[in-house]
Each structure stands twice: as structure tokens, then as C-alpha cells.
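Engineer: First the structure, which I've put down as C-alpha cells, then a few questions once you've had a look.
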Amino acid sequence: MNDTGCLHLSNFKAAKGSSPYKIVHAFFVASTSYEARRYKATSCLCFSCGQPGPRLHSCLHCIYFACYGGHIQEHSKNKKHFLYVDLSYGNVFCAQCQDYIYDRELTDISRSNRVLEAKSLGISVPYTPWLPNGNEVMALKRLRKRRLISPHTTIGLRGLQNLGSTCFMNCIVQTLIHTPLLRDYFLGERHKCKTQGSGKCLVCEVSKLFQEFYSGAKTPLTLHRLLHLIWTHARHLAGYEQQDAHEFFIATLDVLHRHCMNGVEETEKKEKDRCNCIIDQIFTGGLQSDVVCTSCSGVSTTIDPFWDISLDVAGPGSLQACLERFTRAEHLGSAAKIKCSNCRAYRESTKQLTLETLPIVASFHLKRFEHSSQIDRKISAFVSFPAELDMTPFMSTHRRAVDAADNNNDPEGLFEDNRYSLFAVVNHLGSLDAGHYTAYVRQMKGSWFKCDDHMITRASLREVLDSEGYLLFYHKTVLEYECDVP
Amino acid sequence: MTVNNTIAHQRLILSGDRERFKELLRRRLIECGWRDQIRMVCREIVKEHDSNSITLDMLVARVTPRARALVPDPVKKELLQKIKTHLLTQKNL
Ligand SMILES: [Zn+2]
Ligand SMILES: [Zn+2]
Ligand SMILES: [Zn+2]
Ligand SMILES: [Zn+2]
Ligand SMILES: [Zn+2]
Ligand SMILES: [Zn+2]
């Protein structure tokens with residue numbers, strides 16, 4: 001099969017162009033507006049038998065609607081109208097070829113109408129898999145070497161040398177390397193650098209690192225240069241001193257985001273003052289804070305971006321319980337009065353944090369280290385965490401509905417998908433001053449490995465879930481796509 | 001189709017919810033591996049024939065019974081449940 005249509009379609013297009021298809025498609029296949037949906041809702045019935053199916057088609061010559069149960073064929077034969085469109089999928093049937101035919105121009109029309117339809121409905125654009133273009137087909141023919149991914153592959157797994165208590169860095173590097181969307185970005189060579197080859201761009205360094213991890217080599221890597229760069233930048237920028245995996249994680253995101261921002265990345269664009277670099281696309285969520293005045297019930301709402309959520313571990317016992325407590329309304333008491341703009345006076349208030357937007361990667365930091373002027377200590381309390389996590393209960397929209405106790409008129413919620421899957425866990429072993437970090441990473445679905453500096457060993461999901469947990473990384477289970485309308 | 005059914009159907013199209021449900025179903029079928037399974041079934045059938053002798057109608061006729069049977073029960077249940085809930089809340093309006 002090819003996508004160049006058939007002689008009959010070519011003749012039709014030569015006479016009437018592609019606009020008959022375009023119009024039928026925009027109204028009755030993928031309705032691109034409310035008006036189109038109204039036409040579709042009221043007129044999609046077979047003109048011959050009055051039924052909505054089976055498989056309603058429209059004649060491309062005269063827009064006669066008829067079912068595929070015989071009536072469209074009948075119409076086609078009687079009128080000698082040989083081309084008709086399937087109204088469910090938009091494919092064109094040629095009665096002279098006696099099969100559906102595929103034409104690149106019509107396929108492109110169909111695709112852009114689907115995008116417009118999704119926009120009109122406020123839903124995510126249907127995912128279309130990668131189709132190689134002419135150049136890519138040539139390249140695939142030229143380069144015969146293929147790397148097949150088998151269920152037992154060790155691709156992407158490489159140990160990292162410990163360069164003298166650098167395990168806290170190694171863990172974060174392993175986590176980033178196994179972050180699905182970040183991996184796709186770098187292996188897809190999406191970083192277009194302006195400073196090509198200057199050796200100063202950290203994003204380029206990370207890009208090289210991904211290549212090394214996925215090169216197929218198995219010997220442990222040494223990260224001198226990269227770690228040195230990140231660490232000096234971070235210390236320089238924020239004065240980090242602790243050898244803490246969490247601080248290093250945040251510092252790394254910050255350094256990478258800055259390198260993207262400094263005009264190094266060409267494709268980067270800003271949307272409503274929000275940075276749209278790859279780091280922010282993947283890791284940034286929005287934390288909503290609602291402060292309610294107890295006198296006048298006035299609400300003041302602010303939304304701040306976040307890269308991770310730090311959770312208290314004393315008490316709860318599970319990640320969900322920690323999150324429940326994190327998003328619970330808290331009375332601020334008389335000692336912490338806040339100026340109410342409505343009352344124009346200092347009032348007692350309640351404060352509630354909820355998640356306004358979710359990032360693609362949700363990172364949780366269990367606050368196991370307590371630093372105070374008297375004592376530094378580690379809290380080894382058990383906190384269970386799930387392999388699959390639904391974030392819906394902690395979202396602003398959901399919390400509001402629950403608090404207002406009318407949870408049932410939430411039509412959006414039916415189609416919302418806030419499920420996350422665990423893909424990395426960083427653990428701190430031992431005491432505060434003589435500790436060691438290791439990481440569990442998910443290499444493929446259901447395939448877990450423990451990264452202990454230069455040593456990589458297979459692990460079971462049970463082992464991962466039974467570990468203490470210091471940093472927990474979840475990836476959105478189902479991705480939603482946005483697409484610019486051409 | 002009765003008059004009531006037709007009206008419900010028209011309302012689903014008009015509100016866009018029919019497309020939303022379709023998209024949800026599509027996603028679930030991809031997630032559970034159904035689509036990949038069906039793709040393999042289709043490939044086998046196409047391979048059985050000479051390259052150009054099979055039409056889409058033949059393929060649909062042969063694949064449909066198996067494809068329907070392979071849809072996992074949890075997917076059917078979820079969709080049924082969601083559509084029911086949705087139609088009930090619509091009625092109250
Ligand atoms: Zn006609
Ligand atoms: Zn009919
Ligand atoms: Zn033809
Ligand atoms: Zn660069
Ligand atoms: Zn950024
Ligand atoms: Zn007030």
C-alpha cells in the first residue's frame with residue numbers, strides 16, 4: 001500500500017480539488033467547531049434508511065450520507081459517484097479500486113483537522129507515532145546497524161565511579177539518565193545549541209553523557225568534568241555546601257535551566273513569563289496557596305512554581321498520608337496573623353496548599369534530615385510508597401470540590417488522568433555523618449536496577465518498595481500532547 | 001434506535017463528550033497493549049495473502065470478532081461506568 005491515492009482520486013482532485021474532502025472532514029469526521037458539531041449531531045444519519053450506521057459514509061461527489069450496510073454502495077452504483085468518505089475515520093473508499101485508498105494530501109488535512117477538533121474540545125491532541133520522512137528513510141537504508149531492545153537488555157545501565165564521597169551526585173545522575181522524557185529528549189538530539197563545540201554548555205555535556213550511557217559499553221563511567229562543572233556553578237549560584245542528594249538534584253535542575261535560559265537554546269520560547277526549557281517542561285508544577293481570612297472569608301490565592309515537594313515524615317506512614325497532610329487546610333493561629341486586604345487589618349486565617357498544575361515528573365523529598373541549632377539527626381521512620389500513584393486527590397480543583405461537598409458536577413474530572421508511575425528512588429543508608437547513597441532506577445517497564453556507584457545489580461519491585469526512601473521520583477503514566485495549529 | 005436514544009446520541013456529539021469518551025477508550029486500549037495485539041493479528045492475516053489481494057473489508061471481517069473478544073473486561077467496565085455516570089448527571093440538568 002502507498003500514500004499516493006489512485007488514478008480515480010487524482011482525476012477527482014484535478015477537477016474539484018481537495019476542498020470537498022476538507023469540508024466533509026471538518027464538519028462530519030473531526031468537527032472543528034461547535035457549529036460543526038451541531039451539523040454532525042443532527043444530520044449524521046443514512047439518507048436511505050435513517051439509521052446512524054453501520055459505518056456511515058459520505059459521497060465525496062454530492063455529500064450524500066449513507067451506511068456501509070449497502071446504501072452507500074447502492075448510491076455509488078446508481079449515480080456513478082465512485083469516491084466516498086468513512087465518517088468515523090476519514091478514509092476514502094474508491095468503488096472502482098474496491099478498497100480504501102490513501103493520499104498524503106488528504107492525510108495531512110485529516111491530521112490538522114484532528115488537532116483543531118482537539119483544541120475545540122479542550123482535550124489533548126491524539127498521539128501520532130513517528131513516521132520517517134524522506135531523509136530519515138534514506139538514512140535508515142544507509143545505516144544498516146540496528147540495536148534491538150530485548151527483554152533482557154542492559155542498555156542504558158552503567159555504573160559511576162565514586163570520586164571520593166560523590167555517591168550523592170551519582171544517584172541523581174542515574175535518576176536523570178533514567179527519566180523517560182529527558183532520555184527521549186537527549187537521545188532524540190533535541191538540544192540545538194548555539195555555542196556548538198565551545199565546551200561551555202552544560203546541556204551539551206549532559207547530552208554527551210546520555211550518548212555514553214546508551215552507547216552499549218558497560219564499563220563504569222567517570223564524571224569528573226560534568227560534576228565539577230555543575231557543582232562549581234551551583235556553589236557559585238546558591239552557596240550549597242551540604243553533600244546532600246536532594247540539594248544536588250535541585251542545584252542540577254537549576255544549573256541546566258539557567259544554561260537553557262541564557263539564550264543558549266534556540267528553540268526555547270517563553271510563554272506567559274514561564275520558562276519553557278526542557279527542565280521546566282518536565283519538572284515544573286504549580287503550587288497553589290489559599291489563605292482564607294477567618295473574619296470575612298476572603299481568599300487570597302497565589303501560585304508558585306515548584307520542582308519538588310518536601311514532605312514531613314514524622315507521623316504519617318505512607319506517601320499518600322504525607323500528601324494528604326501537606327494539602328490539608330491549616331489554621332495559622334493568633335501568633336501568625338496575616339494582613340487581610342479585605343478587612344484592612346491583621347486577622348487570623350487558614351492556609352491550604354494544593355497542586356494547581358502537575359509536572360510530568362513529580363519528585364518527592366522525604367525530610368529525613370533534621371537540622372537545628374542543637375542537633376542534626378536522621379529520621380528513619382517507615383514511609384510506604386506505591387508503584388502507581390494517583391495525584392487527583394491533592395489537586396486544587398479536586399480539593400475545592402471536596403470542601404464544597406458537591407463533587408458530582410465535575411465533568412472534567414471524568415477525563416482527567418493524573419496517574420503516576422514510580423521510576424526512581426534514592427536512598428540514604430547509615431548515619432548522618434557516615435552515610436552512603438544508592439539509587440533504584442526503572443530501566444524498562446517492570447525492570448528495576450540498583451545503582452551503587454560502579455555496581456549495577458538487578459532488583460525486584462518489592463525490594464524497591466521496601467527500601468527506606470529519601471527521594472521518590474514518579475513519571476506521569478499517560479502523556480498529554482499539545483500541538484501548534486499550522 | 002428510539003427517539004430518546006437518538007437525542008442522547010445527538011447530545012453526546014454536540015457536547016463533544018462522544019469524542020472525549022472515544023479518546024479515553026483509545027488511550028486505554030493503547031495502554032493495555034490491545035492495539036499492539038491487534039496490529040500483530042492484522043500483520044499475520046496480511047502475510048497469509050498475496051501482497052495486494054487483501055482489502056480492508058476482508059481484514060475487518062476477519063479481525064473484528066477476535067478484536068472484540070480481546071478487549072479486557074476492566075476497560076469495558078470503566079467505560080460503561082463512566083458513560084452511565086455521565087448520562088445520569090446530564091439528565092439532572
Ligand atoms: Zn453522490
Ligand atoms: Zn442505510
Ligand atoms: Zn480508484
Ligand atoms: Zn548546548
Ligand atoms: Zn527553564
Ligand atoms: Zn478579612
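FYI, it's all coordinate maths here, none of it is from the lab. Worth saying up front: this structure is predicted, and the values here are computed from it rather than measured. Neighbour counts are summed over all protein chains in view; Cβ atoms, including those assigned to glycine, are modelled from backbone coordinates with ideal geometry.
Engineer: Taking the Kirkwood radius as the inverse of the mean 1/r across Cα pairs, report the Rg/Rh of region A:98-219.
Structural biologist: On the way: Rg = 20.3 Å, Rh = 18.7 Å.
That ratio is 1.09, to two decimals.
Engineer: Give me the one-decimal nm value for the distance between modelled label points at A:Gln281 and B:Glu31, 7 Å along each residue's Cα-to-Cβ direction.
Structural biologist: It works out to 2.3 nm between the two label points.
Engineer: Further, regarding this structure: Per residue of region A:430-438, in order, report the coupling 6.51 cos²θ - 1.76 cosθ + 1.60 (Karplus, θ = phi - 60°) as ³J(HN,Hα) in whole Hz, putting x for Gly and Pro.
Structural biologist: x, 8, 4, 9, 10, x, 8, 9, 9
Engineer: If you average 1/r over every pair of different alpha-carbon atoms in region A:7-142 and take one over that average, what Kirkwood value in Å do you get? Could the numbers behind the result be given before it?
Structural biologist: Values: mean 1/r = 0.0628 Å⁻¹.
The Cα-based Kirkwood calculation yields 15.9 Å.
Engineer: Follow-up. How many partner chain Cβ atoms sit within 10 Å of a residue's Cβ in peptide B:20-30, on average, as a whole number? Show your work: numbers first, answer last.
Structural biologist: Values: counts 7, 2, 2, 7, 4, 0, 2, 7, 2, 0, 2.
Averaged over the peptide's residues, the number is 3.
Engineer: Going through the DSSP H helices of chain B, which span 15 Å or more along their own axis at the Cα atoms while scoring at least 0.5 as a mean Kyte-Doolittle hydropathy? Mind showing how you got there, number by number?
Structural biologist: Working: long enough: B:3-15 (18 Å, 0.22); B:17-31 (21 Å, -1.45); B:34-48 (21 Å, -0.70); B:56-70 (20 Å, 0.52); B:73-91 (27 Å, -0.83).
For chain B, where a helix must reach 15 Å along its axis and average at least 0.5, the hits are B:56-70.
Engineer: For region A:316-371, what are the per-bin percents of Cα-Cα distances with bins 10 Å wide, up to the bin holding the maximum?
Structural biologist: Once binned at 10 Å, the Cα pair distances of region A:316-371 give 18, 35, 31, 16, 1.
Engineer: If you bin the C-alpha pair distances of region B:4-51 every 5 Å from 0, what whole percents do you get?
Structural biologist: 5, 19, 14, 13, 12, 12, 12, 8, 5, 0
Engineer: Let me ask something else about it. Can you give the average number of partner chain beta-carbon atoms within 10 Å of each beta-carbon in peptide A:123-130, as a whole number? All intermediate terms of the calculation are to be shown ahead of the outcome.
Structural biologist: On the way: counts 5, 2, 1, 5, 3, 0, 0, 0.
Rounded to a whole number, the mean comes out at 2.
Engineer: Turning to a different aspect of this structure: Towards the positive end of the charge dipole of region B:22-93, with charges on Cβ (+1 Lys, Arg; -1 Asp, Glu), say which of B:Thr64, B:Leu79, B:Cys42 has the farthest Cα.
Structural biologist: Result: B:Leu79.
Engineer: Still on this model: For B:Thr64 paired with B:Gln81, estimate the spin-label separation in nm (one decimal), with each label point 7 Å from Cα along the Cα-to-Cβ line.
Structural biologist: 3.0
Engineer: Given C-alpha coordinates of the protein assembly as shown, what is the ratio Rg to Rh with the Kirkwood estimate of Rh? Walk me through the numbers on the way to the answer.
Structural biologist: Values: Rg = 28.4 Å, Rh = 28.0 Å.
That ratio is 1.01, to two decimals.
Engineer: Using the basic label-point model (7 angstrom from Cα toward the beta carbon), what is the B:Glu48 to A:Asp304 distance in nanometres?
Structural biologist: 6.4
Engineer: While we're here: On a 31 Å Cα-Cα criterion, which of the cross-link pairs A:Lys192/A:Lys378; A:Lys22/A:Lys194; A:Lys40/A:Lys80; A:Lys351/B:Lys82 come out too long?
Structural biologist: On the way: A:Lys192/A:Lys378 43 Å; A:Lys22/A:Lys194 40 Å; A:Lys40/A:Lys80 26 Å; A:Lys351/B:Lys82 34 Å.
Cα-Cα > 31 Å for A:Lys192/A:Lys378; A:Lys22/A:Lys194; A:Lys351/B:Lys82; rest within.
Engineer: Can you work out the Karplus-derived ³J(HN,Hα) for every residue in region A:104-114? Use 6.51 cos²θ - 1.76 cosθ + 1.60 with θ = phi - 60°, whole Hz, and x for glycine or proline.
Structural biologist: 4, 4, 5, 4, 5, 4, 4, 5, 6, 5, 4
Engineer: Taking the highest mean first, how do the peptides A:342-350, A:168-176, A:275-283 order by number of other beta carbon atoms within 10 angstrom per residue?
Structural biologist: Details: A:342-350: 14.9, A:168-176: 25.3, A:275-283: 20.2.
Per-residue mean Cβ counts within 10 Å order the peptides as A:168-176, A:275-283, A:342-350.
Engineer: Next question. Per residue of A:28-39, what is the mean number of Cβ atoms on other protein chains within 10 angstrom of that residue's Cβ?
Structural biologist: Values: counts 0, 0, 1, 5, 0, 0, 3, 0, 0, 7, 3, 1.
What the average comes to for A:28-39 is 2.
Engineer: Okay, moving on. Size of the dipole of the protein assembly as shown about the Cα centre, Lys and Arg at +1 and Asp and Glu at -1 on the beta carbon, nothing else charged, in debye to 20?
Structural biologist: Numbers: 74 positive and 62 negative charges, 324 e Å.
It works out to roughly 1560 debye.
Engineer: Shifting gears a bit: Going down the list A:Lys208/A:Lys367; B:Lys22/B:Lys77; A:Lys141/A:Lys445; A:Lys337/A:Lys367; A:Lys119/B:Lys22; A:Lys445/A:Lys476, which pairs span over 21 Å between their C-alpha atoms? Walk me through the numbers on the way to the answer.
Structural biologist: Numbers: A:Lys208/A:Lys367 33 Å; B:Lys22/B:Lys77 15 Å; A:Lys141/A:Lys445 30 Å; A:Lys337/A:Lys367 27 Å; A:Lys119/B:Lys22 15 Å; A:Lys445/A:Lys476 13 Å.
Over 21 Å Cα-Cα: A:Lys208/A:Lys367; A:Lys141/A:Lys445; A:Lys337/A:Lys367.
Engineer: Calculate the length of the line joining the C-alpha centroid of region A:105-182 to that of region A:269-327, in whole Å.
Structural biologist: What the calculation gives is 29 Å, centre to centre.
Engineer: While we're on this one: So for A:Ser297, A:Ser384, A:Ser58, fewest C-beta neighbours within 10 Å to most, what's the order?
Structural biologist: Values: A:Ser297 10, A:Ser384 13, A:Ser58 25.
Placing the least packed residue first, the sequence is A:Ser297, A:Ser384, A:Ser58.
Engineer: Where a ≥ b ≥ c are the square roots of the eigenvalues of the C-alpha gyration tensor, would you call region B:20-88 rounded, which needs a/c under 1.5, or, failing that, prolate if a/b is larger than b/c, or oblate? It would help to have the intermediate numbers written out before the result.
Structural biologist: Values: a/c = 3.07, a/b = 2.57, b/c = 1.20.
Cα axes put region B:20-88 in the prolate bin.
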